[in-house]
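What follows is a set of notes on a single structure, which appears directly below.
The values are calculated or read from the model by the stated rules, or taken from the named source; none is laboratory data. None of the values given here were measured: they were computed from a predicted structure. With ideal geometry, Cβ positions are generated from the backbone for all residues, glycine too; neighbour counts draw on all protein chains shown. Areas reflect the complete protein model, heavy atoms only, side chains present, ligands, DNA and RNA absent. Shrake-Rupley method; radii C 1.70, N 1.55, O 1.52, S 1.80 Å.
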Amino acid sequence: MTKFIYRLLAPCFLLAASFSGTAEILDDSLDRDDYMQFVFTPLYQRTLNAGDESSNYELDFLGLKTVRQSAGTIGNTRIAWWGLRNETIGNTPAGELASDAGLLWNTNDGDAPEASNFLGVLVVEQYFKNDALKISAGKVFPGNDVAVSDYAGDDRSTFMSEIIASDIAGQYFNATGLGGVVTYEQPAWFITGVVSDATAEDEFIDVSTFKDGNFLYAAEAGFTPNLQQGSLVATVMPYTVDSNEQLKRETGVVLAYTFEYGDNAEFASFGRYTWRDGGEGRTESDNAEALKTDMAGHIGWAWNRAFGRENQQLGTALMYASPTDYQRRQGLSTQYGVESFWRVSVTPWFSITPNIQLLRNSEDELETVVGLRLKLQYSM
């Protein structure tokens, strides 16, 4: 294990030596009109019962650039992008670690049997009606546009488990391809519509599959009432994914909420539940590659500024997933679990997050997964 931890930490200290102390935290930088950011997040995990170890890293380059400034009916025009590299640096990829332990989902979202470079987002954003309406077109990542929460999702900052960092029951989350997103916001509600290429395969921009006409269609309605107790965002999103050569047509519904207590949001509660119908493989081999679950959800709690310290955050979430009929025939059953993390921002550009997961596996036994994630970031 010492060798794995060394491989995990060594690149961090090399990068840390070159990073400036003026870098800002990711969540803060995303509120700015223009920014560029580099983020390096290596992680290490070990299953205590199965005895496997896994470590990987993600290197992200993301940003937002205003190319035209205006106000009123036709507002700002901006370009947003997100590119990444994902690589396993230990012996066992995340997917293999979960499979060996008899788990229904990966214990982190960095599964990379082979190193890969990937363009996640490249869009032009146009604002209208004093920023109430936003239309984005290009390569979109629906997982960052709908059913989102500051406490879950693909942020490499909070929870590690794939069931929280992604959505293991719905194809919508990772339907990354050419398409568009439209959002219209009002003080107490918003609506978002997404159309994207559901069969894109190229790691950068796939034009050939866009011509095939197999798309994701999603429509989200969100409610943001003004409550005295705190801030609430509650959403419902029906979606459908066209059939293709490997998978049948899929329809589903996603429910999500985030509630931050008080004016300072010291505590927060959040959750998401996904149910789907369809999406099965056309053959046995296609079923083996399809999503393993048809229902999944989590509900969690976070303590911001834990122990009265601005640089600390604690979080805990309960997880649940139900396997597809095919996966039940393979011996998997409904599984439950709990995940907890403690994030400490040592400096504005470096944080460390120990993590533990307790999961019921396919043998109806308790599997314990311990993990450690580091995060270095530099903003311009």
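When only residues in segment 239-265 that are farther than 21 Å from G281 by Cα and not hydrophobic (A, V, I, L, M, F, W, C) count, which is least open to solvent (accessible area, probe 1.4 Å)?
Filtering segment 239-265 for residues that are farther than 21 Å from G281 by Cα and not hydrophobic (A, V, I, L, M, F, W, C), the one least open to solvent (accessible area, probe 1.4 Å) comes out as T258.
Going through segment 67-89 one residue at a time, which ones are surrounded by 13 or more Cβ atoms within 10 Å (Cβ to Cβ), not basic (K, R) and not in a loop (DSSP other than H, G, I, E, B)?
Residues satisfying the conditions are G75, N76, T77, I79, A80, W81, W82, G83, L84, N86, E87, T88.
Scanning segment 242-283 for residues that are free of Cβ contacts under 8 Å to residues at least 60 places away in the same chain and of a type in the set (K, R), which turns out farthest from V195 (Cα to Cα)?
If we take residues in segment 242-283 being free of Cβ contacts under 8 Å to residues at least 60 places away in the same chain and of a type in the set (K, R), then R282 is farthest from V195 (Cα to Cα).
Testing T107 on (1) open to solvent by 30 Å² or more (accessible area, probe 1.4 Å); (2) under 16 Å from L359 (Cα atoms); (3) of a type in the set (S, T, N, Q), one condition comes back false. Which one is that?
Result: T107 fails condition (1) only.
In segment 95-123, how many residues are among the β-branched types (V, I, T) and in contact with a Ser or Thr (Cβ under 7 Å, 6 or more places away or on another chain)? It would help to see each step written out before you state the result.
Let us first name the residues in segment 95-123 that are among the β-branched types (V, I, T), namely 107, 121, 123.
When the remaining residues are screened for being in contact with a Ser or Thr (Cβ under 7 Å, 6 or more places away or on another chain), the result is 107, 123.
Residues meeting the conditions: 2.
Would you confirm whether any residue within segment 92-104 is acidic (D, E), touching a helix residue (DSSP H, G or I) at 6+ places or on another chain (Cβ under 6 Å) and in contact (Cβ under 8 Å) with a residue 24 or more places away in the chain? Steps first, please.
First, pick out the residues of segment 92-104 that are acidic (D, E): 96, 100.
Pick out the ones that are also touching a helix residue (DSSP H, G or I) at 6+ places or on another chain (Cβ under 6 Å) and you get none.
No, segment 92-104 contains no residue that is acidic (D, E), touching a helix residue (DSSP H, G or I) at 6+ places or on another chain (Cβ under 6 Å) and in contact (Cβ under 8 Å) with a residue 24 or more places away in the chain.
Could you list, ordered by first residue, the pairs with Cβ atoms under 9 Å in which the first is in segment 363-380 and crowded, with 22+ Cβ neighbours inside 10 Å and modelled with pLDDT of 95 or more and the second is of a type in the set (K, R) and in a loop (DSSP other than H, G, I, E, B), at least 6 apart or interchain?
Pairs found: R373/R156; K375/R156.
Being farther than 30 Å from F210 by Cα and modelled with pLDDT of 95 or more is the requirement here; does G297 meet it? So that I can check it myself, show each step before the final result.
On the way: farther than 30 Å from F210 by Cα: yes; modelled with pLDDT of 95 or more: yes.
Yes.
Quickly run through segment 149-194 and pick out the residues that are of a type in the set (D, E) and touching a Phe, Trp or Tyr at 6+ places or on another chain (Cβ under 7 Å). Please lay out each step first, then the result.
As a first pass, look at segment 149-194 and keep what is of a type in the set (D, E): 150, 154-155, 162, 167, 185.
Residues satisfying the conditions are E162, D167.
Based on this model, can you work out whether A321 counts as among the hydrophobic types (A, V, I, L, M, F, W, C), closer than 20 Å to D100 by Cβ, open to solvent by less than 30 Å² (accessible area, probe 1.4 Å) and in contact with a strand residue (DSSP E or B) (Cβ under 6 Å, 6 or more places away or on another chain)?
On the way: among the hydrophobic types (A, V, I, L, M, F, W, C): yes; closer than 20 Å to D100 by Cβ: yes; open to solvent by less than 30 Å² (accessible area, probe 1.4 Å): yes; in contact with a strand residue (DSSP E or B) (Cβ under 6 Å, 6 or more places away or on another chain): yes.
Judged against the criteria, A321 is a match.
Considering segment 249-265 alone, what residues qualify as being in a loop (DSSP other than H, G, I, E, B) and either modelled with pLDDT of 95 or more or not charged (D, E, K, R) (or both)?
Residues of segment 249-265 in a loop (DSSP other than H, G, I, E, B): 249, 262-265.
Matches in segment 249-265: R249, G262, N264, A265.
What number goes with the only condition from (1) modelled with pLDDT of 95 or more; (2) within 16 Å of G51 (Cα to Cα) that S351 does not pass?
The single condition S351 does not satisfy is (2).
Only one of these conditions is not met by I356: (1) in contact (Cβ under 8 Å) with a residue 24 or more places away in the chain; (2) surrounded by fewer than 22 Cβ atoms within 10 Å (Cβ to Cβ); (3) aliphatic (A, V, I, L, M). Which number is it?
(1)
Take the conditions under 22 Å from L359 (Cα atoms), open to solvent by less than 30 Å² (accessible area, probe 1.4 Å) and either basic (K, R) or in contact with a strand residue (DSSP E or B) (Cβ under 8 Å, 6 or more places away or on another chain) (or both) and apply them to Q37. Does it pass? Outline the logic, then answer.
Details: under 22 Å from L359 (Cα atoms): no; open to solvent by less than 30 Å² (accessible area, probe 1.4 Å): yes; either basic (K, R) or in contact with a strand residue (DSSP E or B) (Cβ under 8 Å, 6 or more places away or on another chain) (or both): yes.
Considered against the rule, which asks whether it is under 22 Å from L359 (Cα atoms), open to solvent by less than 30 Å² (accessible area, probe 1.4 Å) and either basic (K, R) or in contact with a strand residue (DSSP E or B) (Cβ under 8 Å, 6 or more places away or on another chain) (or both), Q37 comes out as no.
For residues in segment 279-294 being open to solvent by less than 50 Å² (accessible area, probe 1.4 Å) and under 24 Å from D154 (Cβ atoms), which is farthest from the chain's Cα centre (by Cα)?
G279
What is the number of the single condition among (1) under 27 Å from I205 (Cβ atoms); (2) β-branched (V, I, T); (3) at pLDDT below 95 that I79 does not meet?
(3) is the only condition that I79 fails.
Among the residues of segment 22-34 satisfying the criterion of being in a loop (DSSP other than H, G, I, E, B) and open to solvent by 10 Å² or more (accessible area, probe 1.4 Å), which is modelled with the highest pLDDT?
D34
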